[in-house]
């Protein structure tokens with residue numbers, strides 16, 4: 001497995017070692033010992049989630065706050081997405097900055113997103129099956145997030161505006177500035 005820390009401290013892109021032959025391929029999608037060696041601590045994942053979405057869907061930007069914050073270990077099982085993590089850790093030198101990484105079933109790359117980040121993705125293929133592990137259970141009362149089209153962040157979701165599909169919740173979500181004022 002190879003890994004690269006992004007410009008956002010603690011946020012990693014991981015690429016598993018893939019073994020291919022005439023039968024297909026095999027790779028280790030998760031190994032606690034190897035991930036702990038990369039992170040410097042052992043995450044304890046308690047929940048797995050999976051979603052299927054069509055081209056143009058933008059999900060996010062979401063997080064859980066406080067004691068219910070979640071780290072996520074994400075990958076794509078089918079299709080291709082643009083995966084986005086936004087640093088909203090109080091006092092972080094990269095607060096408000098984001099990374100965007102193309103994850104696909106083909107490239108098999110994964111991303112580890114620590115607690116204190118907004119997370120979202122856009123579907124770039126006809127459909128995508130997105131899978132992720134969380135180190136804390138879902139807690140509705142701790143949900144937070146911002147509109148993924150917030151002009152301050154100006155994320156290029158690589159989807160034409162007229163083809164974007166957002167939930168009503170995400171369309172009505174607060175601005176990045178409103179979230180910033182809550183976090184300070």
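Semi-axis lengths, largest first, of the ellipsoid equivalent to the chain are 26, 21, 14 Å, with √(5λ) applied to each eigenvalue of the Cα gyration tensor.
If you average the sequence gap of Cα pairs under 8 Å that are 6 or more apart and divide by the length of the stretch 44-183, what percent do you get for the contact order? About 38 percent, as a whole number.
Figure legend: label point modelled 7 angstrom from the Cα of residue 55 along Cα→Cβ; residues of the stretch 79-123 with amide N under 18 Å from it are 79-83, 103-106, 122-123. The mean sequence separation of alpha-carbon pairs under 8 Å and at least six residues apart, normalised by the residue count of the stretch 58-115, gives a relative contact order of 42 percent. At a Förster distance of 35 Å, what's the computed FRET efficiency of residue 126 paired with residue 183, Cβ-Cβ distance as r, to 0.05? Approximately 0.40, to the nearest 0.05.
Helical content alone sets the calculated 222 nm signal of the chain at -2500 deg cm²/dmol, taking -39,500 (n - 2.57) per DSSP H segment of four or more residues and averaging over every residue. The residue 171 and residue 138 beta-carbon pair, evaluated with R₀ = 25 Å, returns a calculated FRET efficiency of approximately 0.70. The gain in end-to-end length when the residue 105 to residue 162 segment is fully stretched comes to 17.9 nm, 0.36 nm per residue minus the alpha carbon separation. Bridges between two residues of the stretch 44-183, per DSSP, are antiparallel at a rate of about 95%.
For a test of the definition: using alpha carbon positions, the gyration tensor, and the 1.5 limit on a/c, classify the stretch 70-162 as rounded, prolate or oblate. It comes out oblate by the Cα gyration axes.
Since every read-out is calculated from the coordinates, none of them should be taken as a lab result. Predicted model only: the values in this text are computed from it and were never measured. Positions of Cβ are generated from backbone atoms using ideal geometry, with glycine treated the same way; all protein chains shown enter the neighbour counts.
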